[in-house]
1. Out of the residues in the stretch 99-113 that are aliphatic (A, V, I, L, M) and closer than 23 Å to LEU5 by Cβ, state the one that is surrounded by the most Cβ atoms within 10 Å (Cβ to Cβ).
2. Are any residues in the stretch 35-82 out of contact with any strand residue (DSSP E or B) (no Cβ under 8 Å at 6 or more places or on another chain) and at pLDDT 85 or above, and if so, which ones?
3. Determine, yes or no, whether LYS85 is at pLDDT 80 or above and of a type in the set (Lys, Arg).
4. What tally of residues in the stretch 1-34 results from selecting those that are under 13 Å from the mean Cα position of the chain (by Cα), at pLDDT 90 or above and among the hydroxyl-bearing types (Ser, Thr, Tyr)?
5. For the stretch 2-51, which residues satisfy the criterion of being assigned to a loop (DSSP other than H, G, I, E, B) and in contact with a helix residue (DSSP H, G or I) (Cβ under 6 Å, 6 or more places away or on another chain)?
Amino acid sequence: MQNILNENYSGFEEEDYFLIKNQEALNTFYGKINRTRKPGLVPPEVDFSQNMLLVWCGDSKTSNFVDLEINEGTDSLVVHKLKSKTKKQNNLIVSPFSVFKLPLSVKSLKIQQ
């Protein structure tokens, strides 16, 4: 798993995790986070025939980025939320998000806190 982006504002009000497995879903996500950005962020180039993206969005009380560990089970990808490496004490940061690239899988996603 490779972290490809950490940003300070996603526009999401509650913590959420989701997988992006196609360009349309990626464009939809970037459309939401770019609603209040001028200029907006450019979506990364991803070969969705070999990779997928895992997105974590923090809630409005989160002030630091997430550090995730992923383990592959027999029928699912198990995501463990670890203590963050990057701490921000700035009160202006609201709902940060991180995007991770990982190999394509048909397995479901399970979150363990």
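The values are calculated or read from the model by the stated rules, or taken from the named source; none is laboratory data. It should be emphasised that the depicted structure is a prediction, and the values quoted were computed from it without experimental measurement. All Cβ positions, even for glycine, are placed from backbone atoms using ideal geometry, and neighbour counts span all protein chains on display.
1. VAL99
2. Within the stretch 35-82, ARG35, PRO39, GLY40, VAL42, PRO43, GLU45, ASP47, PHE48, SER49 qualify.
3. Details: at pLDDT 80 or above: no; of a type in the set (Lys, Arg): yes.
For LYS85, the condition - at pLDDT 80 or above and of a type in the set (Lys, Arg) - is not met.
4. Residues meeting the conditions: 1.
5. Matches in the stretch 2-51: SER10, GLY11, PRO43.
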